[in-house]
1. Could you work out how much longer the chain between E129 and W163 gets when fully extended? Use 0.36 nm per residue separation minus the Cα distance between them, nm to one decimal.
2. How much length, in nm to one decimal, is gained on full extension between N170 and D81, taken as 0.36 nm per residue of separation minus their Cα-Cα distance?
3. For the range 90-97, just list the computed ³J(HN,Hα) in residue order, Karplus coefficients 6.51, -1.76 and 1.60, θ = phi - 60°, integers in Hz, with x standing in for Gly and Pro.
4. Cβ under 12 Å from A197's Cβ, A197 left aside: what net charge do those residues give with Lys, Arg +1 and Asp, Glu -1?
5. Find the accessible area per residue for the range 68-213; the probe is 1.4 Å, ligands and nucleic acids are left out, and the unit is Å².
6. Work out from phi, with θ = phi - 60° and the Karplus expression 6.51 cos²θ - 1.76 cosθ + 1.60, the ³J(HN,Hα) of each residue of the range 201-213, listed in order in whole Hz, and give x for Gly and Pro.
7. Set Lys and Arg Cβ to +1 and Asp and Glu Cβ to -1, take the dipole of the range 63-213 about its Cα centre, and tell me which of N181, A209, T72 lies farthest positive.
8. Mind ranking 91-99, 194-202, 134-142 by how tightly packed they are, going by the mean number of other C-beta atoms within 10 angstrom, highest first?
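The values are calculated or read from the model by the stated rules, or taken from the named source; none is laboratory data. Everything numeric in this text was worked out from a predicted model, so none of it was measured. Ideal geometry is used to build each Cβ from the backbone, glycine not excepted, and the neighbour counts take in all protein chains shown. Side chains are part of the model used for accessible areas, which takes the heavy atoms of the whole protein and leaves out ligands, DNA and RNA. Shrake-Rupley method; radii C 1.70, N 1.55, O 1.52, S 1.80 Å.
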Amino acid sequence: SAAAALAIVSLVAGTGVSLWQAGVAQHQRERAENRFRDVQKFSRSVLFELHEAIRDLPGSTPARNLLLDRATEFLDNLAKDSASDAGLQVELAEGYRRLGHVQGSTFSDNIGRRDAAIGSFRKAVRLGEQAPANADAGIVLLGAYDDLSGALWNNNDRSEADWWYQKHRNLVAVLEARFPNDNKVRSSIASSYSELAFYRSQRNDLAGAKDDY
């Protein structure tokens, strides 16, 4: 009887621990999903819709600067706790790319903060490189490499720009070999070849640019 009672107590205790662990795991999943939705909503909707709404208002530059500063703080705080969340890393990388475009990208309406844009593109690259090497991370990283190399080139940091350009080209080759039948990846690769071609044209390598186009 004592042995049976001990077995029952052990079983109940073990079940309780298992249920507690399952509850903790579920809470962590929900927390990760909530963070993912937060950053997605903020980076894809709130930040840029609000920025577009005030962009052309007279005297809006201080407000735009403040909005971008708060956006940087928001993304930085989420990035501190993203190491174990691959989906969040990819979403944050895309958020930093969008932020950099508004801060100082040559090819979008921006407030002329080139150094801040370069900093945001560096963060996007870092998160993209840290994320598991899947299709979504590869696509975001292609864009981040192009953003960073272009921003550095326009800032006259030509040597480092060339280095990131080569990283971009190398990743194109890797993804082209790894995902030959993924149409989303193929579309991003096609865009990358166009971006690489433009970069080569800036370096007066017109034959190479024509080949990439």
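1. My answer for the length gained is 10.7 nm.
2. The N170-D81 span can extend by a further 29.1 nm.
3. 5, 5, 5, 4, 5, x, 5, 4
4. Details: positive: R169, R200, R203, K210; negative: D146, E195, D205, D211, D212.
Summing Lys/Arg as +1 and Asp/Glu as -1 gives -1.
5. Working: 7060 Å² over 146 residues.
Result: 48 Å² per residue.
6. Values per residue, Gly and Pro as x: 5, 5, 8, 6, 9, 6, 5, x, 4, 4, 5, 5, 4 Hz.
7. A209
8. Output ranking for 91-99, 194-202, 134-142: 91-99, 134-142, 194-202.
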